[in-house]
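First comes the structure, then the notes that go with it.
The values are calculated or read from the model by the stated rules, or taken from the named source; none is laboratory data. A quick note: this is a predicted structure, and the numbers were derived from the prediction, not measured. Heads up, the Cβs are rebuilt from the backbone with ideal geometry, glycines too, and the neighbour counts pull from every protein chain shown. Quick note on the areas: whole protein, heavy atoms, side chains included, nothing else; ligands and nucleic acids left out. Shrake-Rupley method; radii C 1.70, N 1.55, O 1.52, S 1.80 Å.
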Amino acid sequence: MNPEKDKPTGKLPTTYKEQVELFRNKNLHVENSENTEKLLQRINYYRLSAYGLTLKDPINNEQYVNGASFNKLLSLYEFDRKLRVLLISVLETIEIAFRTHTSYEIAHRFGPLGYKDKENFINEKYHKESLDELNNLIKKSRKSELFIEHHYKNYDGNIPIWVAIEVTPFGFLSKLYRNLNEDVKKHIAKIYYNVPYLYLESWLQTLSNVRNVCAHYGRLYNKKLTFKPRLFKEEMKQFDNRFAFAAIYIIQRLLTKDEGQRFITDLQALILEYEDSLEFSHIGFPSNWDELLSKIKNQKS
């Protein structure tokens, strides 16, 4: 007897065909039962139905509004999937650039192993925790990364910052920057991004979380950001910092002019493809969203 198996959940498993009927019973128009059933064999009902939350009746949220259809629900899912693919691509660009900037400045100010010295960081406790985490990342990378093993064999395991930083995830970079000597933080934020460091700290935390959502196939549509980015007063007047557009806006702030142009072009094409299905309020897009993003691009040299 399996005690976990026998625990009551309040729900029983349903077949794919029954899941199609669940949609119908909730007033969702299903255009083609056979195609819908095949899709449900590829996309979990629970995952897919989350995109229908904005199509529910506000009074009886167990039912969909009149006119809601499976095709529209699927369009929202596909839009969100393609948006994640687009964002993770530009986030890779931002992450790699930030690794470069941070490792360069640490190395030139404090030396190749300066990241190990607590005097170069604000909080000693956080520094120790970060150093322990980094050492574990380095050790785990010995088997898979030849450049790490090379330094163990030839340099007694002394890994310079520009090598060590290549095995760190975005979240680690965000925490490392937050605890870095204030003068260095100010310099990186000013020279490379032309913003006060408090904004860059906030943006990195937001984008690290968004990157994780994208990498693990989470949902951005109709979902508030876990970490709201710090914005300037003028920006706060123009859009909400709780939804996906705020992350998109700060991504554009952190890209170069050419990178930003490509990003806007790709985003415009995606929006055009799905604009008939989207409710822009559910992703925080203001009516002049493309104008705001283009303005950032035009301000860069």
Within the bounds of the range 11-19, is there any residue that is closer than 28 Å to L272 by Cβ and not charged (D, E, K, R)? no
Quick check: is even one residue across the range 18-25 β-branched (V, I, T), at pLDDT 95 or above and in contact with a Phe, Trp or Tyr (Cβ under 9 Å, 6 or more places away or on another chain)? yes
I need the full set of residues from the range 114-135 which are outside any helix (DSSP H, G or I), open to solvent by 40 Å² or more (accessible area, probe 1.4 Å) and either over 23 Å from H151 (Cα atoms) or touching a Lys or Arg at 6+ places or on another chain (Cβ under 9 Å) (or both), in order please. I122, N123
Report, by residue number, each residue of the range 84-112 that is of a type in the set (F, W, Y) and open to solvent by less than 30 Å² (accessible area, probe 1.4 Å). F98
Tell me, please, whether a residue that is under 18 Å from the mean Cα position of the chain (by Cα) and open to solvent by less than 20 Å² (accessible area, probe 1.4 Å) can be found in the range 266-274. yes
Selection from the range 226-257 of residues charged (D, E, K, R), within 22 Å of L204 (Cβ to Cβ) and surrounded by fewer than 19 Cβ atoms within 10 Å (Cβ to Cβ) yields K228, K233, E234, E235, D240, R242, K257
So is T206 open to solvent by less than 70 Å² (accessible area, probe 1.4 Å), at pLDDT 95 or above and out of contact with any strand residue (DSSP E or B) (no Cβ under 6 Å at 6 or more places or on another chain) or not? yes
